[in-house]
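Each remark here refers to the structure printed beneath this line.
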Amino acid sequence: MANGNGKKYNKKAPSMTTLFVPELRALLSEKKFSEVKPLLSHIPSVDIAERWHNFSDQEKILIFKLFSFRLAVEVFEALKFEDQSFLLNNLDNADVVQVLNEMSPDERANLFKDLPQKVMKKFFKLMKKEEVEDVRELMTYAEGTAGALMTTDYVELKREMSARSAILKLQDSLSFDNDFDIGSIYVTDNEHRLLGVVGLQDLIKAPQDMLLKDIMENADFIKINDQAPDEEVAQVFKRYDLTNAPVINAKDELSGVITIDDIVDIIDREATKEIYEVGKMTAGEGEVISYATATVKELVQRRAGWLIFLLMFDFLTGTVLKTFQDTLSTVVSLVFFIPMLLDTGGNAGAQSSITVIRGLATGDVSFNNVKRVVKLELFAALFMGVIVGGMAFIRAVLLQSDPLVALVVGVTMFLIVLLAIATGITLPLLSKKFGLDPAVLAGPITTSVVDVIGLILYFKVAQLFLPILR
């Protein structure tokens with residue numbers, strides 16, 4: 001059985017994994033280490049990592065030393081960087097190096113990218129030469145690219161191999177505890193150029209003497225350039241329903257493999273990021289805020305910046321109201337409809353911006369079809385403006401019994417809906433054009449723009465239609 005990271009764990013794992021913490025701490029305090037080992041073997045590594053903060057520093061060191069080797073690697077990979085650094089600094093070099101040598105290449109490279117140079121050099125001297133070279137190569141790729149995502153743990157097969165030879169090669173290359181994803185196997189030539197892909201099931205079902213060149217399929221549509229951005233990689237996986245994909249360099253040579261667990265992490269990170277941004281919070285690169293480990297400082301850092309930024313726009317709203325205070329004092333009833341107008345405008349802008357942002361993320365919206373997208377949204381805005389403006393007019397008539405004030409409210413509502421939808425389309429597209437994150441700009445800035453310009457429109461329309469204000 002496997003956890004979310006593709007790691008194996010015992011089927012007898014407790015159903016209430018949170019209960020292992022007090023039991024484990026009690027065994028450690030009583031120094032019953034012989035009972036700790038079997039308990040640990042029944043707990044998924046991801047659950048141990050998730051509850052790691054519940055243990056004291058001394059307990060963490062003891063627990064790690066009691067792990068089986070495989071479990072030690074799995075838990076270490078699942079820990080946060082701060083916890084990994086603590087173990088690197090407090091365990092014997094021999095224990096640490098053994099874990100580093102057996103980590104998956106992509107996880108190991110991510111760790112070393114954040115280590116101080118002095119610490120990194122120390123471990124490079126102790127690790128296996130081939131593992132060091134692997135880390136150095138993966139660290140050359142920029143964050144957010146396919147090269148930074150891929151693992152170099154894969155098996156290459158040759159097109160002239162028979163099905164039997166290929167299976168034997170896989171068995172020789174992989175151990176029972178190996179975490180390689182071999183749902184698909186890649187065929188290369190002598191220069192490591194990618195030629196095709198063979199499904200594991202197809203390989204097993206094929207006659208033993210059948211050559212791979214007669215089994216393999218074209219891999220051109222699923223291969224990913226090592227410089228491709230994360231979003232593009234995720235789209236390829238989604239489009240072709242992949243569990244892994246080959247990564248190639250500029251020479252079409254097979255450089256590595258990306259597996260589905262990495263893509264799930266990307267999707268989860270991007271979804272978290274967008275949720276926080278819609279909630280007017282700093283996204284923190286999609287890092288989840290966990291109340292189990294969060295601090296007051298972290299919450300303030302994530303939230304205060306956006307609140308201050310939006311407050312600056314609210315200053316503009318106050319300035320507009322002050323500018324038109326004579327208008328408000330002359331026709332006090334205009335005040336009653338301000339919240340309705342601005343809230344509806346904000347909602348209309350949010351609807352269009354969220355639709356466009358999702359389209360940009362999934363590839364449904366691009367600069368190739370931007371004219372069609374804008375045309376659709378603007379025509380929809382005209383119809384929605386008429387519908388919502390009509391409803392606002394009726395509401396104003398019922399509330400005030402003044403047809404001119406109602407006309408001002410209805411016309412303003414129509415204009416604000418047009419403004420909001422146009423802004424909701426434009427900001428995500430412009431931010432994408434200039435390499436910014438659409439989700440950061442769209443929500444809060446659309447609302448603020450509608451608030452400020454919507455108020456100006458309201459008072460200008462009032463001055464146009466109400467004789468008392470001329």
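Where a number appears in this text, it was derived from the coordinates with a stated rule and is not lab data. For clarity, every value in this text was computed on a predicted model and none was experimentally measured. Please note: Cβ atoms are built from the backbone with ideal geometry, for glycine as well, and neighbour counts cover all protein chains shown.
Numerical summary
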{"item": "Residue 213 paired with residue 29, simple spin-label distance in nm, labels 7 Å along Cα-to-beta-carbon", "result": "7.0 nm"}
{"item": "Dimensionless Rg/Rh of the stretch 17-149 - Kirkwood Rh, Rg from C-alpha atoms", "result": "1.00"}
{"item": "Value of relative contact order over the stretch 156-259, rounded to a whole percent, pairs C-alpha under 8 Å and six or more apart", "result": "26 percent"}
{"item": "Chymotrypsin sites (Phe, Trp or Tyr not before Pro) lying in DSSP loop within the stretch 360-434, provided at most 13 other Cβ fall within 10 Å", "result": "367, 434"}
{"item": "³J(HN,Hα) computed for each position of the stretch 99-107 - Karplus, 6.51 cos²θ - 1.76 cosθ + 1.60, integer Hz, glycine/proline x", "result": "5, 4, 5, 9, 5, 5, x, 5, 5"}
{"item": "Within straight-line cross-link reach of residue 158, aspartates and glutamates at Cα separation under 16 Å, skipping those fewer than 8 residues along the same chain", "result": "172, 189, 191, 202, 209, 214, 217, 252, 253"}
{"item": "Alpha-carbon centroids, the stretch 34-70 and the stretch 373-443: separation in whole Å", "result": "56 Å"}
{"item": "Formal net charge of residues neighbouring residue 216 (Cβ-Cβ distance under 10 Å; K, R +1; D, E -1)", "result": "-1"}
{"item": "Environment charge at residue 195 (Cβ cut-off 15 Å; Lys +1, Arg +1, Asp -1, Glu -1)", "result": "-3"}
{"item": "Reachable aspartates and glutamates from residue 432, criterion Cα separation under 20 angstrom, eight or more residues apart if same chain", "result": "143, 230, 231, 232, 270, 274, 277, 285, 364, 377"}
{"item": "Computed FRET value (nearest 0.05) for residue 463 with residue 374, which takes r as the C-beta separation and R₀ as 51 Å", "result": "0.95"}
{"item": "Cα shape, the stretch 340-446, gyration tensor, a/c 1.5 rule", "result": "prolate"}
{"item": "Cα-Cα over 24 Å, subset of 238/371; 113/169; 31/128; 80/113; 37/118; 32/60", "result": "238/371; 113/169; 31/128; 37/118"}
{"item": "Shape of the stretch 207-252, Cα gyration tensor, a/c cut at 1.5", "result": "oblate"}
{"item": "Cβ-Cβ FRET estimate between residue 220 and residue 82, R0 fixed at 51 Å, reported to 0.05", "result": "0.75"}
{"item": "Net length gained if the chain between residue 125 and residue 19 were fully extended (0.36 nm per residue, minus Cα distance)", "result": "34.1 nm"}
{"item": "Within the stretch 94-130, backbone nitrogen closer than 15 Å to the virtual label 7 Å beyond the Cα of residue 61 toward Cβ", "result": "94-96"}
{"item": "Net charge, residue 54 excluded, C-beta distance under 13 Å - Lys, Arg +1, Asp, Glu -1", "result": "-3"}
{"item": "Point-charge dipole on Cβ atoms (K/R +1, D/E -1) for the stretch 156-259, about Cα centre, debye to 20", "result": "300 debye"}
{"item": "Cα-projected label distance for residue 158 with residue 260, points at 7 Å along beta-carbon direction, nm", "result": "3.2 nm"}
{"item": "Rounded if a/c under 1.5, otherwise prolate or oblate - the stretch 129-179, Cα gyration tensor axes", "result": "prolate"}
{"item": "Positive-end extreme of charge dipole, the stretch 156-259 - chosen from 243, 218, 258 (charges on Cβ)", "result": "218"}
